[in-house]
Amino acid sequence: MDNRPIGIMDSGIGGLTVAKVLHEQYPLEGICFLGDSLRNPYGEKTQEDIVRYSFAIRDFLLRQNVKMILIACNTISFNVPPSFFAGDIPVVKMSMDVPAENAGKIGIFATPATIGTHVHKEYFRKKYPDKAVAEIPCEGLAAAIERNEGENVISALVEKALKEYHAFDIDTGVWACTHYPLIGDIFRRLLPKVSFLNPALPTVEQGMEILRSQDRLADRAQEKRFYFTADPEHAEPIVEKIFGRVKTEKAELTGV
Ligand code: DGL
């Protein structure tokens with residue numbers, strides 16, 4: 001048993017979609033969440049910046065004495081070097097292990113920085129060689145979700161990406177950015193025949209399997225804390241919607 005919190009990191013509110021799944025599946029676990037809202041969006045920054053910011057979040061979470069880190073951000077997961085995963089506690093990246101066996105054409109929705117790595121395309125091509133895979137970088141979308149832009153702005157950004165990458169014919173969509181499940185309804189309205197897959201559950205399960213195998217699950221309800229590097233009150237309604245009355249707090253990263 002280990003009652004220390006699980007660290008969860010993202011560039012902002014997107015990581016809450018992974019924290020939500022953790023909370024639903026493992027309600028006793030403590031959470032120490034850090035959203036770097038000050039520097040959001042990461043998905044349109046250079047790899048050098050993404051790596052620097054990500055190590056600063058990692059250091060912050062380690063100082064909070066977390067027992068594991070879940071990287072609830074695809075942009076971070078696939079842009080940091082192997083050394084990011086080294087150390088005394090497990091550091092778990094976003095999973096790609098979503099069930100796409102019934103797909104004909106898979107659309108990968110992600111930030112430009114995630115699409116630039118092509119990891120999803122390679123993964124799905126290898127796992128399902130008979131299926132078509134379209135990469136759909138959604139410029140500006142994570143930032144618009146973070147800023148809580150209206151539905152019209154957000155729909156227009158998704159539509160623009162679909163048009164630009166000729167992806168209106170996909171039948172399966174993978175949300176390879178943790179911000180995107182927050183606008184699931186907009187995706188479904190624009191693409192009513194498409195099945196959308198969210199890698200949050202397999203990500204949480206991969207992490208929890210490690211803790212379970214080390215007998216380090218929490219054995220009684222632990223505290224959940226939510227830190228943001230800018231405007232913590234902006235995230236409060238969504239945090240409350242998922243977790244009930246929890247205060248969000250301001251945090252500063254060092255070394256960035
Ligand atoms: N939520 C993040 C992801 O999964 C990144 C969004 C951003 O900061 O661009 O990729």
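Observations
- Residue under evaluation Lys45, criteria (1) in a strand (DSSP E or B); (2) within 13 Å of the ligand (Cβ to nearest atom), criterion not met: (1)
- Set side by side, the residues Leu16, Leu61 differ, and just one is in a helix (DSSP H, G or I), touching a residue at least 40 places away in the same chain (Cβ under 8 Å), within 12 Å of the ligand (Cβ to nearest atom) and crowded, with 18+ Cβ neighbours inside 10 Å, which is Leu16.
- Candidate set: the stretch 30-58, residues that are β-branched (Val, Ile, Thr) and open to solvent by 10 Å² or more (accessible area, probe 1.4 Å); chosen: the one farthest from the chain's Cα centre (by Cα): Thr46
- Residue in the stretch 21-29 that is more than 9 Å from the ligand (Cβ to nearest atom), at pLDDT 95 or above and open to solvent by less than 10 Å² (accessible area, probe 1.4 Å) present: yes
- Condition check for Ser11: within 16 Å of Ala176 (Cα to Cα) and touching a helix residue (DSSP H, G or I) at 6+ places or on another chain (Cβ under 9 Å): yes
- Within the stretch 101-125, residues that are without any contact (Cβ under 8 Å) to a residue 40 or more places away in the chain sit with their Cβ atoms under 7 Å from residues that are among the polar types (S, T, N, Q), at 6+ positions apart or across chains, in these pairs: Thr117/Asn79.
- At least 3 residues being away from the ligand (no atom under 16 Å from the Cβ) and open to solvent by 10 Å² or more (accessible area, probe 1.4 Å) is the threshold, and among the helices (runs of 4 or more DSSP H) wholly inside the stretch 72-148 those reaching it are 119-127.
- Condition met for Asp130 (without any contact (Cβ under 8 Å) to a residue 24 or more places away in the chain and acidic (Asp, Glu)): yes
- Those residues of the stretch 245-256 which are in a loop (DSSP other than H, G, I, E, B) and either surrounded by 16 or more Cβ atoms within 10 Å (Cβ to Cβ) or on the phi > 0 side of the Ramachandran plot (or both), in sequence order: Val246, Ala251, Leu253, Gly255, Val256
- Residue in the stretch 167-186 that is in contact with a helix residue (DSSP H, G or I) (Cβ under 6 Å, 6 or more places away or on another chain), more than 16 Å from the ligand (Cβ to nearest atom), aromatic (Phe, Trp, Tyr) and over 30 Å from Asp2 (Cα atoms) present: yes
- Positions within the stretch 64-97 being β-branched (Val, Ile, Thr) and farther than 20 Å from Asp49 by Cβ, in sequence order: Val66, Ile89, Val92
- Among the residues of the stretch 33-65, just one is touching a Lys or Arg at 6+ places or on another chain (Cβ under 8 Å) and farther than 19 Å from Gly12 by Cα, namely Asn65.
The values are calculated or read from the model by the stated rules, or taken from the named source; none is laboratory data. Computed from a predicted structure; not experimentally measured. Quick reminder, even Gly has a Cβ in these numbers, built from the backbone with ideal geometry, and neighbours come from all protein chains shown. All accessible areas refer to the heavy atoms of the entire protein, side chains included, with ligands and DNA or RNA removed. Shrake-Rupley method; radii C 1.70, N 1.55, O 1.52, S 1.80 Å.
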